[in-house]
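Here it is, the structure in full.
None of the figures in this text is laboratory data; all of them are computed from the coordinates on show. Just so we're clear, the structure is a prediction, and the values are computed from it rather than from any experiment. Here the Cβ positions follow ideal geometry from the backbone for every residue, glycine too, while neighbour counts run over all protein chains shown.
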Ligand SMILES: [Zn+2]
Ligand SMILES: [Zn+2]
C-alpha cells in the first residue's frame, strides 16, 4: 500500500504519487485562487464591469458576480480534471468572499470540496447606460472659461489634455464634453466627480473654481434635486508667461500640483505660490514700452541697443538700470520691456 510522505498514513491511492488526498488538498487545494477580486459595480443598476464591458448582474447579485470572476480566474491544479464554484458568501463589509469550490481529482477519481477566502475590492461607478438614461438632466456642469471670457485654442487643448487623462472614476460620470463659443462645458451625473474634475483643473492649470447650486426639481420622496455648476476660470498666465509680481516682472517657471512657481527676471530664486495666492499676487503685465532690439555694442557699465522696430531708435542704457535675463553678447536679439519705470532685457 502506498504511504503519504506528509502524514505517513497508508492509503489506497496517492494524488500525485506522494500525498494522500487530505494532505494534497490541504497543501494545494483544487488549484490557485485569484489573489484578490476587484470589481466595478454600477451604483444605479448593479451591472458590473468585466474585461472592459459592462454586464447585467446575475440574479444572485454580488455573490453571483464574485462567483463568476472567481471561476474565470481560478487556476486549476495539475490533478484537477474539473471544478466549479458551488457557493459564495460575502463578509458583512463585503470585503472578503468565502468561495466553496467543488471539483474532481483525476488520480483518486473522487469529487471533493475546498473553501477559499479571497479579498474583494469593490469600486462604485455609474455605468454608461445609466449615464445615458440620466443624460437629459445632468446634475453637474463644469464650465471652463478663459481669463477674459473665451478660451484660446492653446487653452482648449490644455483642457482637453486634462480631460483625456482622467481615470474611469471621473470619466464614467461624464455625459458630454461640448466645445461652446465661450469655452468648454462638461456635463456630469455626479457632484463629487464634478468637484474632483474641477480640483484637477485647479491643480494642473491653476484655474479658479466657483461653485453655485440651482434647485431644478423635486424627487418623489420630497428631496430637492439641485444642479451644481462649477465655473472654472483659467488664469491669464501659463508656464513661460511673463507676469507682474510685486511691482516687478517675473516669469512663470512652472504650474503644477496646485502651485505656481515664479522667478523674478534676472534673479535665480524661485517663489512657490499657491494657485489662489497666484491669482491675487500676479498681474497681467502692461508695458510702458516694448521693443525688439539687437545688442549693438558693449562698453564698461553700458549696453547699446539698436531697435529693430519702426522707430529705429538707438539706446544707450546703464547696466545698473537694466534687469537682464540671459547672456549679454553683441549681436544677440532681445526684447526690451519698460515696466513700471524699469527696463528689462530678455535676451533670446
Ligand atoms: Zn497524508
Ligand atoms: Zn447602471
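Quote to one decimal, in nm, the extra length available between residue 39 and residue 267 on full extension: 0.36 nm per residue of separation minus the C-alpha distance between them. Could you put the intermediate results ahead of the total?
Working: separation 228, 0.36 × 228 = 82.08 nm, distance 5.28 nm.
Gain in length upon complete extension: 76.8 nm.
When DSSP beta bridges are limited to those with both residues in the chain, what percentage is antiparallel, rounded to the nearest 5? Please report the intermediate quantities before stating the final value.
Details: 90 of 106 bridges.
The answer is about 85 percent antiparallel.
Could you give me the radius of gyration and the Dmax of segment 58-189, taking only the C-alpha atoms into account and expressing both in angstrom?
23.9, 79
Using the Kirkwood formula over every pair of different C-alpha atoms, what hydrodynamic radius in Å results for segment 135-233?
13.8 Å
Say a paramagnetic label sat at a point 7 Å from the Cα of residue 199, along Cα to Cβ; which residues of segment 228-255 have their backbone N under 18 Å from it?
Only 228-233 fall inside the zone, counting backbone N under 18 Å.
Out of 19, 69, 163, any idea which swings most in a Gaussian network model of the chain, alpha carbons joined below 10 Å?
The residue with the greatest mean-square fluctuation here is 19.
Shifting gears a bit: Once label points are set 7 Å from the Cα along Cα→Cβ at both residue 319 and residue 224, what is their separation, rounded to one decimal in nm?
My value for the distance between the label points is 6.8 nm.
Who wins for biggest fluctuation among 146, 331, 240 in a Gaussian network model of the chain, springs between alpha carbons below 10 Å?
331
Rounded to the nearest 0.05, what FRET efficiency is calculated for residue 179 and residue 56 with R0 set to 45 Å and r the Cβ-Cβ distance?
On the way: r = 34 Å, r/R0 = 0.76.
The pair residue 179/residue 56 has a calculated efficiency of 0.85.
When the chain is treated as a GNM, springs tying every alpha-carbon pair under 10 Å, which of 143, 71, 218 comes out with the largest mean-square fluctuation?
Evaluated over the chain, the most mobile residue of the options is 218.
Once the Cα gyration tensor of segment 21-125 is diagonalised, what are the square roots of 5 times its eigenvalues, in whole Å and ordered largest first, as equivalent ellipsoid semi-axes? Mind showing how you got there, number by number?
Values: eigenvalues 159, 33, 24 Å².
Working from the Cα gyration tensor, I get semi-axes of 28, 13, 11 Å.
Rounded, prolate or oblate, given the Cα gyration tensor of segment 1-70, with a/c below 1.5 counting as rounded?
Note, shape of segment 1-70 comes out prolate.
Also, I was wondering about something else. For the chain, what's the relative contact order in percent, using C-alpha pairs closer than 8 Å and at least 6 residues apart?
Reported as a whole number, the value is 9 percent.
Given 10 Å bins starting at zero, what is the percent of C-alpha pairs of the chain in each, up to the one with the largest pair distance?
Here the calculated profile for the chain is 5, 17, 16, 15, 13, 11, 10, 7, 4, 2, 0, 0.
Another question, then. For segment 289-347, rounded, prolate or oblate, judged on the Cα gyration tensor with a ≥ b ≥ c (square roots of eigenvalues), a/c < 1.5 rounded, else prolate if a/b > b/c?
On the way: a/c = 1.38, a/b = 1.05, b/c = 1.31.
Because its axes are fairly even, with a/c under 1.5, segment 289-347 counts as rounded.
So what is the relative contact order of segment 135-233, in percent, for Cα pairs below 8 Å that sit 6 or more residues apart?
Answer for segment 135-233 is 37 percent.
Here's something else I'd like to know. Per DSSP H run of at least 4 residues, take -39500 (n - 2.57); add these up for the chain, divide by its residues and hand me the 222 nm value, nearest 500 deg cm²/dmol.
Numbers: 7 runs with 66 residues, N = 348.
After summing the helix terms and dividing by the residues of the chain, the value is -5500 deg cm²/dmol.
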